[in-house]
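The values are calculated or read from the model by the stated rules, or taken from the named source; none is laboratory data. Please read all numbers here as calculations on a predicted model, not as lab measurements. Glycine also receives a Cβ, built like all others from the backbone with ideal geometry; neighbour counts cover every protein chain displayed. Just the protein is used for accessible areas: all its heavy atoms, side chains included, with ligands, DNA and RNA removed. Shrake-Rupley method; radii C 1.70, N 1.55, O 1.52, S 1.80 Å.
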Amino acid sequence: MYWNSELETIDRRGLERLQFDRLKKALAAAASTPFYKKVFSENGVAPSKISTLEHLKDVPFTTKNDLRVSYPDGMVAVPRRSIVRMHASSGTTGKPTVIFYTMKDVDEWAHQVARGMVATGTTSDDVFQNMMGYGLFTGGLGLHYGAEKMGCMVIPMSTGNTLKQIQFIQDFGSTVIHITPSYALHLVDEIRAHGVNPPDLGVRKAYLGAEPYSEGTRDKIEAQFGLDAYNSYGMSEMNGPGVAFECSEKSGMHLWEDYYIAEIIDPETGEALPDGEEGELVLTHINREAMPIFRYRTRDLTRFIPEPCPCGRTHRRIERIKGRTDDMMIVSGVNVFPSQIETVLMNIPEVGNNYQIVLEREDNLDRMHIKVELYSKMFQGDMRELERLKKRMGEALRAIITINPKIELLEPGSLPPSQGKAKRVFDNRSL
Ligand code: DLL
């Protein structure tokens, strides 16, 4: 089932023609913004002279820092009266990055999301409980408008308030939920703690996104809730959720190429990588009025899946995000991605729903400390069994990350629960 079959199954030539037309328009609009006016003149970019898609490479990359420097409105391409919405992404340092939308931008974004939801088989008969944060974060309102557009009944719950989440699923028969993977793992524990068997709630689908997670975490959420979980990817700089969405094949996310031109580059050199190789995703928004952004360095690592998808959509798929070029931990000189640790942990059946990675420096040596919650039944047996599990976990981790972490096994509920984006890594090393 398609939301817009013509656009979703468009052939490559038609798609490239559409991308070119939209790119040219976006470049012309951006030339009026203080930020791109300067960039274009410094790099000899003349939007009227662009004659192929390849010319996009004449425009330098845009970074999160460029957005901060242009705060509050140095990248806005429309008069103030045409803007109807703003969102912002929280940064750890400096100014937030702010994104503006015209009415058409909000509407187009809703179409992107509706397209993704329909691709997973959601229909207007579904009740959609949105457990992502409403507000400046794009997760709440982004899916909200898309779900309404395709006719779902939307329950705008936002994150937290776990008891009410459960009650509303029961009272209003929510069939589809939108949730961060870490909150899903917490929610399922809470549901059981209230004496309810999660599959009895009747939730059929979950959209998971906003933070990195592994295939093992997806499997765990699917098995415990008895539902199908779909990966959804996006970032506020590119509208929010709805940039790429899994279809019912659940095998990579279709990146909507009539909205974005996607490149995969070597994060070190900035050079384009051959199709199918893993690198940093770079995105150009070609269908936004208020704030066109060119060649945005997402810092997310992924690869294109070159094979066509059996679902018939022609928009290329990207693989699950492996990590960010900037969340890589360097522990005793070894590069480690939190997602590698998660993959190992979630493949161990005794592992429960929450964990933390703590980095410390003792006697000038890096130490990695992993705190892992187990299922409560693990604490009813004998200590030797726990020791054996700890050893097995240590070996499995060492095989992947090549370092030996200290492991602490904990009872369920020992670590602070996540209600939004999980913070898993605590780097306490002072350099
Ligand atoms: O997290 C938008 C979003 C909301 C996406 C709801 C999906 C669902 P930001 O707060 O700007 O926007 O964070 C964007 O989160 O660059 C990735 O590093 C990470 N991220 C988002 N989705 C996924 C995913 C929203 N499915 C940053 N898998 C991105 C892995 C993800 N990482």
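Quick notes
- Scan of the stretch 102-138 for residues that are assigned to a strand (DSSP E or B), within 14 Å of the ligand (Cβ to nearest atom) and surrounded by fewer than 23 Cβ atoms within 10 Å (Cβ to Cβ), ordered by number: none
- Residue ID - nearest to the ligand (Cβ to nearest atom), chosen from residues in the stretch 209-230 that are in contact with a helix residue (DSSP H, G or I) (Cβ under 7 Å, 6 or more places away or on another chain) and within 20 Å of GLY135 (Cβ to Cβ): ALA210
Conditions tested, residue by residue: (1) open to solvent by less than 60 Å² (accessible area, probe 1.4 Å); (2) without any contact (Cβ under 8 Å) to a residue 12 or more places away in the chain; (3) in contact with a strand residue (DSSP E or B) (Cβ under 7 Å, 6 or more places away or on another chain); (4) outside any helix (DSSP H, G or I).
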{"residue": "TYR2", "(1), (2), (3), (4)": "no, no, no, yes"}
{"residue": "LEU7", "(1), (2), (3), (4)": "yes, no, no, no"}
{"residue": "LEU18", "(1), (2), (3), (4)": "yes, no, no, no"}
{"residue": "LEU27", "(1), (2), (3), (4)": "yes, no, no, no"}
{"residue": "SER32", "(1), (2), (3), (4)": "no, no, no, yes"}
{"residue": "LYS37", "(1), (2), (3), (4)": "no, yes, no, no"}
{"residue": "PHE40", "(1), (2), (3), (4)": "yes, no, no, no"}
{"residue": "SER48", "(1), (2), (3), (4)": "no, no, no, no"}
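- Residues of the stretch 231-251 that are more than 9 Å from the ligand (Cβ to nearest atom), touching a residue at least 40 places away in the same chain (Cβ under 8 Å) and open to solvent by 10 Å² or more (accessible area, probe 1.4 Å): SER248, GLU249, SER251.
- For the stretch 155-188, taking the residues that are part of a strand (DSSP E or B) and under 21 Å from the mean Cα position of the chain (by Cα), the one that is farthest from the ligand (Cβ to nearest atom) is identified as VAL176.
- Scope the stretch 139-154; condition over 20 Å from the mean Cα position of the chain (by Cα) and within 12 Å of the ligand (Cβ to nearest atom); matching residues: none
- Which listed residue is open to solvent by 70 Å² or more (accessible area, probe 1.4 Å), away from the ligand (no atom under 16 Å from the Cβ), touching a residue at least 60 places away in the same chain (Cβ under 8 Å) and not aliphatic (A, V, I, L, M), from ASN354, ASN347: ASN347
Listed here are the residues, each with its yes/no results for (1) modelled with pLDDT of 95 or more; (2) surrounded by fewer than 19 Cβ atoms within 10 Å (Cβ to Cβ).
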position	(1), (2)
ASN43	yes, yes
MET75	yes, no
ARG81	yes, yes
THR93	no, yes
